[in-house]
Amino acid sequence: MNNIGEIHNGAILFGDRIEWVGTAEDARKMLINEAFIPEVTIDARNKTVLPGFVDSHTHIIFAGDRSEEFASRLRGATYKQIAEAGGGILKTVDATRQAKVADLTNNGCKIARKALLHGTTAIEIKSGYGLTTNSELKMLESIAELKKKLPANVSTTFLGAHDFPPEYKDDRDAYVDLICNEMIPAVAEAGLAEFCDAFIDEGYYTIEQGRKILETGMKHGLKPKAHCDELADVDAAALAIELEAASADHLLFVSDKNIEGFSKSETVATLLPGTAYFIRMPYAPARKLIDRGAIVALATDCNPGSCFTENMQMILSLAVINMKMTAEEALTAATLNGAFALGLSSDMGSLEVGKLANLIIADVPSYTHLFYHFGVNHVESVYIGGMNITNNLK
Ligand code: NIG
Ligand code: FE
């Protein structure tokens, strides 16, 4: 993760895909030799060209507002207390159930556009604020609509197992049955999701329930990934590793045993430091995971309750300062490893010949300045598939 292959005075030649990368001097020679004149030349002197960020974990499709809950947390309430009092995720479920597809799409698009302006070029989006078959399908349809409007790569995850709906609060297993017998088959049949996720944690889904849901998803062709050990160590990461999940996300309380498990596994440990920051929890043990050789990715978790930011540069800052990652590790985690978690690393996540030209130009003289000069947006332009999409986003 530390070997990022920085090129000083570099040049990059691209159409929709990257055709050549090297030094400016070699580029000049190559162009003269081949008598090739590029259609457009972009002057990025004193700037830094990076692969676009891959945000592999978000919940940006929702309705309503949780700012009051946030204010009460500032006065001392905890995320857990608010959830136990019927607020939290269920507040957003209430608003989302009443919303129309178009409203959900527009709200999501607004957030996604800001994410792109901050350098994100691929984004994963989950359902999970409907918790009925119809409203989960409605959320997934609005992600499909957003996909048509947004120039970025969008990956879709079914998260019917985000919380238990109020109708099933006294019979949680019956809701698990509904997910397995009705929701997953309907989602798979409609071809509306690629991944199936579950929130396996204290007070939410048990290991047994999580296993049933993820295995049913697998039978229907949905790749497993999971929210694991965010609020307590319930050994959820072990299940994700055993099922060879694409990723296990959060991991604030992951055990040493499971850190060892990641080191022998291709399941990505996706860390979401914005959430630890926003709900004032201890950060995930990034150093331990990386030092043992786990594949670590970084993502925003952008959602209205536990982390409301779509800005990957903020996540990078938190990762290096509060999780003690190096700048290079953070960049790898936010690009190539995020792409790997979504099964997209052969097409994106690094500036390599043959990959899509998904890149950002940051107005900083080196990538270190992205971290050194924090709290502002350094991304000047965003290219997706070789097209400068920056002006279409404003
Ligand atoms: O990833 N952990 C569960 N779900 C979200 C929180 C969603 C919410 O509070 O609305 C998360 O932190
Ligand atoms: Fe999440």
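The values are calculated or read from the model by the stated rules, or taken from the named source; none is laboratory data. All values derive from a computational prediction rather than experimental measurement. As a convention, Cβ positions derive from the backbone with ideal geometry for all residues, glycine included, and neighbour counts pool all protein chains shown. When the accessible area is computed, the model is the full protein with side chains, heavy atoms only, and any ligands, DNA or RNA have been set aside. Shrake-Rupley method; radii C 1.70, N 1.55, O 1.52, S 1.80 Å.
Result for the chain in a Gaussian network model with C-alpha springs under 10 Å: among 160, 128, 343, the largest mean-square fluctuation is at 343. Averaged per residue, the chain has 43 square angstrom of accessible surface, using a 1.4 angstrom probe with ligands and nucleic acids left out.
Residue by residue through segment 180-194, what is 3J(HN,Hα) from phi via Karplus (6.51 cos²θ - 1.76 cosθ + 1.60, θ = phi - 60°)? Round to whole Hz and write x for glycine and proline. Karplus values, whole Hz, x for Gly and Pro: 6, 8, 10, 5, 4, x, 5, 5, 5, 4, 7, x, 9, 8, 9. In whole percent, what relative contact order does segment 61-143 give with Cα contacts below 8 Å and a gap of six or more residues? The normalised contact order for segment 61-143 reaches 39 percent. In the chain, the portion of solvent-accessible area held by carbon and sulfur atoms comes to 51 percent [1.4 Å probe, whole percent, DNA, RNA and ligands not counted]. Maximal additional length on extending the residue 288-residue 260 stretch stands at 9.1 nm, based on 0.36 nm per residue less the C-alpha distance. Which of rounded, prolate or oblate describes segment 322-390 when judged by the alpha-carbon gyration tensor and an a/c cut-off of 1.5? Oblate shape, in that a/c is at least 1.5 and b/c is the bigger or equal ratio. Take each peptide in 176-182, 112-118, 78-84, count the other Cβ atoms within 10 Å of every residue, and average; sorted highest first, the result is 112-118, 176-182, 78-84.
Considering only 73, 211, 17, the mean-square fluctuation computed in a Gaussian network model of the chain, springs between alpha carbons under 10 angstrom, is largest for 73.
Computed from backbone phi, the HN-Hα couplings of segment 6-19 come to 4, 10, 7, 6, x, 9, 9, 10, 8, x, 6, 10, 7, 9 Hz, rounded to whole numbers (Karplus: 6.51 cos²θ - 1.76 cosθ + 1.60, θ = phi - 60°; Gly and Pro given as x). Take the Cα of residue 3, step 7 Å toward its Cβ, do the same at residue 39, and the gap between the two points is 3.6 nm. Computed on the chain, with alpha-carbon pairs under 8 angstrom and 6+ residues apart, the relative contact order is 21 percent. Projecting the Cα atoms of 175, 152, 217 onto the charge dipole of segment 150-302, computed from C-beta unit charges around the Cα centre, puts 152 farthest toward the positive end.
Pairs exceeding a 22 Å alpha-carbon distance, out of 169/257; 138/223; 80/288; 114/288; 126/212: 169/257; 80/288; 114/288.
Spin-label model, residue 322/residue 242: points 7 Å from Cα along the beta carbon direction are separated by 3.2 nm. When DSSP beta bridges are restricted to pairs lying wholly in the chain, around 40% turn out antiparallel. Peptides 19-28, 295-304 ranked from most to least packed give 295-304, 19-28, packing being the mean of other C-beta atoms within 10 angstrom over each peptide's residues.
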